[in-house]
Every structure is written in C-alpha cells, then in structure tokens.
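Have a look at the structure below, then the notes.
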Amino acid sequence: MSTMNLRGCMTLFKREVHRFLKVKMQTIVTPALTAILYLLIFRYAMGERQVPGLDVDYFTFLVPGLAMMAMMQNAFANTSSSMIMGKVMGMNIYLLMAPLSALEVVVAFLAAAVVRATVVAVVFLSVLSPFVDISVMHLGIILLYGLCASIMMGGLGLIAGMWAKDFDNIAMVTNFVILPLTFLSGVFYSVKQLPEFWQQINDANPFFYLTDGFRYGFLGIGDTDPYASIMVVIGTSLLTIVSCWYLWRIGWRMKE
Amino acid sequence: MSALEIKGLNKVYSNGNVALHDVSLSVPKGSFFALLGPNGAGKSTLINILADTVLATGGSARLFDQDLFAERNWCKRQIGVVPQEVAFDPFFTPREVLAITSGLFGSKPDDAWIDHLLDRLELTAHVGKNTRQLSGGMRRRLLVAQALVHKPKLVILDEPTAGVDVELRRRLWGFMRELNAAGTTILLTTHYLDEAEELCDHVAIIDQGKVVTAQPMADLMQQVASSYLWMNYDKPLSLSEADTLALADFKPRVSDTGVCLQLGKLENGQSTFHTAYEAAVARFGPPQDAGVRSEDLEDVFLRLTKKEIRETT
C-alpha cells in the first residue's frame with residue numbers, strides 16, 4: 001500500500017529552494033561577496049607570484065578553489081540551517097508527520113543544497129568573469145566534482161542539523177570542522193607546498209579531492225590525478241547519502 | 001468499525017520514564033472523541049506516536065483497519081494533527097504554508113479548500129502576511145488549517161484552543177462539529193472539560209500512562225457521575241457517630257455552611273432525594289436553603305484521576 005510521494009518530495013525541494021531565495025542577500029550575495037573579498041585580498045597580498053610547481057599565478061589558481069569553498073559552505077549551510085531552524089521553531093514535526101520516505105526527504109534536501117551551491121558558484125564566477133579569464137578545460141569534471149561536493153556537504157549539513165540541539169551546536173560544527181577542513185583543502189595553496197606530514201594528513205581530507213578536482217576542471221592542473229580521485233569523491237558522496245538516509249529512517253535525534 | 005484501534009501501546013523514554021503503559025483504546029469511526037488526562041498523563045505521547053514524531057516501544061495500532069506501523073505512509077495521509085506547541089515557518093505566508101503542507105502530504109493544493117479553511121479560521125485578511133507577523137492566536141488557527149488542508153479522515157487536536165479567545169473558540173468548535181457531522185473522526189485533548197463534555201460523544205481518561213476509563217460520554221456520565229443534595233445551614237456542622245451511621249448511605253460531607261449528601265437510585269429507579277433530605281432534616285433540622293447539583297465531566301475527571309493516583313501510590 002505504501003507508494004512513493006513524489007509530490008511531497010518535490011514540494012520539500014521547492015520549499016528549501018524558496019527558503020534560501022527569500023533571503024538571497026544572506027544566502028547568495030553575501031557568500032559570493034565574501035569569496036570575492038578573499039580573492040581581492042590574496043590578489044594584492046600575493047601580487048603576480050606563481051604557485052610553486054603548478055605554473056599558474058595565484059589569482060587564477062584561487063578562483064576555482066574559492067568557488068568550490070563557497071559551494072561547500074553554502075551546501076552545508078542550506079541543510080543545517082533548515083534543520084536547526086525547523087527544530088527551534090518546531091516546524092520539523094511537519095516533516096516527520098508527512099508521508100515521506102527517508103529517501104524522499106534526503107533527496108529533496110540534497111537537491112536543494114545542490115541548487116544553492118550552484119547558484120552561489122555561478123554568481124561568484126559571473127561577477128569575476130569580466131576581470132579574469134575563467135577557462136573551462138573539463139566541463140564534465142567540474143560538474144561531477146561540483147555535484148559531489150554539494151551532495152557531500154549538504155549531507156553533512158543534514159546530519160549536523162539532526163544532531164544539533166540549537167544554533168550554537170551548528171556554529172560549533174561549522175567553525176571547528178567545516179571551516180578548518182575547507183581551509184585545509186588546498187583552496188589557498190597547493191598541498192605540494194606543505195611539509196610531508198601535512199600532505200599525508202591532507203590525503204585523508206575528502207574536501208581536498210573535491211577542491212583539487214574542481215580546480216583541475218577549470219585549469220587542467222592539480223595536485224592529484226582527478227580521474228583517480230573520482231572513486232574517492234563518488235564513494236564519499238554515496239556514503240554521505242546512505243548515512244543521511246539511515247539516520248533519517250531511524251529518526252536519529254528527531255524522534256524520541 | 002473503529003477509526004483507530006490501539007492495543008497494548010507502551011512507551012518508555014530513554015530516561016526510564018514510563019509514559020504509556022499497556023494503553024488500549026478504540027476510537028469509533030465518525031466519533032468526536034475526548035482524550036483527557038492531567039498534565040503528564042501521556043496524552044501528548046500517545047498523539048505523538050500516532051503522528052510518528054515519537055516511537056512506541058511496544059504494542060500495536062490499526063487506523064481504518066490498516067496497521068499503523070506497517071503502513072505508516074498510507075496512515076499518515078489519513079491523519080491531520082494540530083500540535084500542542086505553536087510552530088510556524090517564518091519564511092512563508094499562510095497561503096504558502098498551506099500549499100506546502102498539502103504538497104508534503106502528497107496532495108495537489110486545492111485552492112478552493114484552502115480559501116475555505118482560511119475563511120472559516122478567519123485568516124483571509126492575513127493571507128498575504130508573513131507568519132512572523134501573525135499573532136499567537138492566528139498562528140494557532142493556522143496550525144488547525146494545516147492539519148485539515150489534506151482533508152484527513154482523522155483529525156487530532158492536541159489542546160487546539162489554548163490562547164484562543166472565547167468567540168473564536170466557539171467558531172472553531174462549530175467548524176469542527178461540521179467536519180465531524182460530515183464524517184471526519186475527531187480526537188481531542190483539552191483542559192477545557194466543559195467543552196469536551198459538550199462536544200464529544202466518546203471519552204477516554206488516562207492517568208500516569210494508563211487508561212482509567214474509555215466509553216461513550218453518556219455512559220460515563222450515567223455510570224460514574226453522581227448527584228448531590230446540598231443543604232445550607234449557614235453554620236459549620238460536625239458529624240457525630242450517630243449522624244455518620246444514620247447518613248451512611250449518602251456519604252455525607254460537612255462544610256462551613258452545611259452538609260452535602262450523595263444521591264443514588266432506589267430499586268424502583270427513583271432518586272434517593274426524598275430519603276436523603278428527610279434523613280438530614282431528622283439529624284440537623286430544616287435547612288435555610290437546599291438544592292441538587294449533578295456532577296459534570298470535570299468532577300468525574302477529578303474523581304477518577306485522584307482515585308487512580310491513590311491506587312498507585
């Protein structure tokens with residue numbers, strides 16, 4: 001008798017998209033502006049210097065990395081803020097009471113996270129396009145890595161939102177987990193510049209593969225072979241989806 | 001046929017608190033069913049289990065003859081819940097909230113029905129406002145509209161009139177009566193017992209996670225509710241041993257102003273009014289004033305729940 005609730009899934013997806021579009025100054029303009037400010041600061045700090053070992057100037061090097069950082073942070077923020085706001089405002093009961101399967105809920109949340117991440121990246125790159133030559137070397141790689149990054153971070157945001165009891169908990173995850181991992185993912189430097197020990201540590205950071213692969217899509221250069229990293233990225237994304245599905249299904253920290 | 005049949009439902013929270021203990025209930029299809037109990041009795045836990053926001057630790061339930069736990073999503077489409085806590089989505093207008101809720105339940109938003117709900121719940125004038133701009137009472141009415149927007153067959157109202165003014169409360173109940181008359185089963189929890197008595201045709205009282213009684217309202221009032229003869233002497237009375245013995249059949253209670261006697265029925269079905277009155281006059285003389293007072297649901301509720309507390313402590 002149980003049937004799929006595609007309308008419910010689509011409604012939840014639209015709700016999540018409308019939610020961030022209703023506060024677009026906060027959810028789109030501000031993140032894009034922040035990324036542009038980073039870019040300008042590093043541009044003037046680093047001048048015309050080249051990135052060691054990669055034969056590219058810092059400005060060009062930074063653009064895809066910052067776009068990926070903005071995507072990751074916004075995908076995370078979209079799901080985590082929605083979940084925690086739903087908890088605080090008591091709105092999550094409507095998700096729990098609705099005839100939606102765990103898969104439908106997860107798909108809707110992650111799809112909305114992908115949309116927000118994409119919109120932020122497109123706005124960021126569009127604003128920069130008159131000032132920097134943004135080449136696209138491998139569109140498929142860009143789309144794949146962008147998609148995986150949004151799914152992975154949207155999923156982590158969903159899990160963090162389910163775990164958190166208040167906004168403070170979310171801020172803790174953002175500041176102590178997400179921000180360091182994105183900063184250490186090679187957004188601002190080539191990991192080849194790091195000491196051997198930190199390079200090894202970075203090998204275990206999935207965000208590094210996302211940033212590096214995404215950059216490869218634009219510049220055709222990177223610290224790793226993006227084709228070899230694809231399985232890591234897809235595998236981590238799938239693991240995130242399955243984790244979200246399972247945790248929602250058992251009502252983890254949502255149902256008493 | 002029952003709209004809802006609950007058997008042996010249990011809920012033990014992770015802190016060991018037993019919220020529901022072997023609860024069994026039958027809510028007849030088309031009934032207006034009052035679920036009453038003191039604070040912490042387990043009413044909201046029961047409702048939350050039905051709404052799937054709390055997980056049961058044992059027992060079974062059938063909704064319109066389908067297994068509630070096995071056919072969760074089908075059953076969810078049949079239920080509309082007005083939660084006790086006011087919850088609102090600060091990003092949307094009432095109309096958007098209703099369209100979203102309808103969609104989440106898998107129904108295409110029915111604009112005519114949404115307009116009707118907004119009208120009946122007196123939200124039409126506020127339809128373009130953000131929910132943040134609504135007053136507490138308006139938000140609560142919006143919750144009622146959200147519960148009804150997908151046209152459920154069972155509506156669960158968890159204290160829906162808290163914070164709603166008297167006039168609106170009357171109109172809300174009028175609307176609920178109409179829905180009930182049209183075949184919607186309504187399960188209501190409220191602390192306004194006079195409203196429950198007036199509206200509901202069935203009642204269950206739970207206390208400390210257990211069902212104290214569950215039956216048609218009329219049967220409960222007939223079987224449990226008593227009538228009292230009060231006699232005013234304008235002075236405190238005390239009962240001597242002889243008084244207590246003479247009035248034992250009427251369970252006399254003295255007060256600062258007189259005495260109160262519980263009335264019953266004689267074998268021929270007549271009230272014991274005359275016997276009680278004459279017995280009291282024989283002991284204390286004619287009163288200055290006297291009258292009969294029948295117990296209402298609140299009296300019955302207090303009596304039953306206090307009894308239950310005594311039995312378990």
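Enumerate the residues in segment B:16-33 having an amide nitrogen under 20 Å from the point lying 7 Å beyond the Cα of A:ASN169 toward its Cβ.
B:16-17
Mind telling me which of A:PHE13, A:PHE109, A:PHE131 comes out most flexible in a GNM of chain A, alpha-carbon contacts under 10 Å?
A:PHE131
Over what distance in Å are the Cα centres of segment B:206-241 and segment B:265-287 separated?
For segment B:206-241 versus segment B:265-287, the Cα centre distance is 18 Å.
Can you list the residues of segment A:85-102 whose accessible area drops by at least 50 Å² going from the chain on its own to the full set of protein chains, with a 1.4 Å probe?
The answer is A:MET89, A:MET91, A:TYR94, A:MET97, A:PRO99 - residues whose exposure falls by at least 50 Å² when every protein chain is included.
Roll a 1.4 Å probe over the protein heavy atoms and report the accessible area of A:ASP166 in Å², nearest 10.
Only protein atoms counted, so the area is about 60 Å².
What number, rounded to the nearest 500 deg cm²/dmol, is the helix-based mean residue ellipticity at 222 nm of chain B, given -39500 (n - 2.57) per DSSP H run of at least four residues and division by all its residues?
Here the helix-only value at 222 nm equals -11000 deg cm²/dmol.
Per residue of chain A, what 222 nm ellipticity follows from adding -39500 (n - 2.57) for every DSSP H run with n ≥ 4, rounded to the nearest 500?
Helix contribution divided over all residues of chain A: -23500 deg cm²/dmol.
Along the Cα-to-C-beta direction of B:ASP111, a point sits 7 Å from the Cα; which residues of segment A:11-44 have their amide N less than 12 Å from that point?
No residue passes the distance filter.
What whole-number value in Å² describes the accessible area per residue of segment B:2-222 for a 1.4 Å probe?
38
For labels at B:ASP234 and A:LEU40 in the simple 7 Å Cα→Cβ model, what's the distance in nm?
Placing both labels 7 Å along Cα→Cβ, they lie 9.1 nm apart.
Are there trypsin sites (Lys or Arg not before Pro) in segment A:119-217 that DSSP marks as loop and that have at most 12 other Cβ atoms within 10 Å, and which are they?
Taking segment A:119-217 and a limit of 12 other Cβ atoms within 10 Å, the loop trypsin sites (Lys or Arg not before Pro) found are A:LYS165.
Find the centroid of the Cα atoms in segment A:154-191 and in segment B:1-43, then give the distance between the two in whole Å.
Rounded to whole Å, the Cα centres lie 41 Å apart.
If I stretch the segment between B:GLN215 and B:SER60 completely, what's the gain in nm (0.36 nm per residue apart, minus their alpha carbon distance), one decimal?
Result: 53.8 nm gained on full extension.
Charges at C-beta only: +1 for Lys and Arg, -1 for Asp and Glu. How large is the resulting dipole of chain B about its Cα centre, in Debye rounded to 20?
The calculation lands at about 880 debye.
Return the percentage of antiparallel bridges among DSSP beta bridges fully within the protein assembly as shown, rounded to the nearest 5 %.
70
Just how large is the dipole of the protein assembly as shown about the Cα centre, in debye to the nearest 20, putting +1 at every Lys and Arg Cβ and -1 at every Asp and Glu Cβ?
Dipole of the protein assembly as shown, to the nearest 20 debye: 1000 debye.
Within 10 Å of each Cβ in B:74-87, how many Cβ atoms from other chains are there, averaged over the peptide?
Neighbouring Cβ atoms belonging to other protein chains average 3 per residue here.
Given a 1.4 angstrom probe, I'd like the percentage of the accessible area of the protein assembly as shown that is carbon and sulfur, rounded to a whole number.
Roughly 58 percent, rounded to a whole number.
What whole-number value in Å² describes the accessible area per residue of chain A for a 1.4 Å probe?
Each residue of chain A exposes 44 Å² on average to a 1.4 Å probe.
Measure off 7 Å from each Cα along the Cα-to-Cβ vector at A:VAL177 and A:VAL242, then give the distance between these two points in nanometres to one decimal.
Roughly 1.9 nm, to one decimal.
What is the calculated FRET efficiency for B:LYS151 to A:ALA204, with r their C-beta to C-beta distance and R₀ = 60 Å, to the nearest 0.05?
Efficiency, rounded to the nearest 0.05: 0.70.
Using a 1.4 Å probe and counting only protein heavy atoms, how much accessible surface gets buried when A and B come together, both sides summed, in Å² to the nearest 100?
3000
Name the residues of segment A:215-256 whose accessible area falls by at least 40 Å² when all protein chains are present instead of the chain alone, probe 1.4 Å?
The answer is A:LYS255, A:GLU256.
Check B:LYS210: other-chain or 5+ apart residues with amide H under 5 Å from its amide H, H built from backbone geometry?
The answer is B:HIS21.
What helices does chain A have that are whole DSSP H segments, at least 27 Å long along their own axis by Cα, and with mean Kyte-Doolittle hydropathy of 0.0 or more?
Within chain A the helices that satisfy the rule are A:58-89, A:102-128, A:139-163, A:226-249.
Starting from segment A:27-135, pick out the trypsin sites (Lys or Arg not before Pro) whose DSSP state is loop and whose Cβ has at most 15 other Cβ atoms within 10 Å.
Hits after loop and neighbour filter: A:ARG49.
Which residues of segment B:99-115 show a drop of at least 50 Å² in accessible area when all protein chains are present, compared with their chain alone (probe radius 1.4 Å, heavy atoms only, ligands and nucleic acids excluded)?
B:LEU104, B:PHE105
If the elastic network links every pair of Cα atoms under 10 Å, which of B:THR57, B:THR275, B:THR161 fluctuates the most in the Gaussian network model of chain B?
B:THR275
Note down the accessible area of B:LEU36, probe 1.4 Å, to the nearest 10 Å².
Surface accessible to solvent at B:LEU36 totals approximately 0 Å².
Considering only B:HIS150, B:HIS126, B:HIS274, give the residue with the highest GNM mean-square fluctuation for chain B, with springs between Cα atoms whenever their separation is below 10 Å.
Taking springs between Cα atoms under 10 Å, the residue moving most is B:HIS274.
The values are calculated or read from the model by the stated rules, or taken from the named source; none is laboratory data. Here the structure is a predicted model, which means the values were calculated and not measured. FYI the Cβ positions are ideal-geometry reconstructions off the backbone, even for glycines, and counts take in every protein chain you see. Ligands, DNA and RNA are stripped out before the accessible areas are found, and what is left, the full protein with its side chains, is counted by its heavy atoms. Shrake-Rupley method; radii C 1.70, N 1.55, O 1.52, S 1.80 Å.
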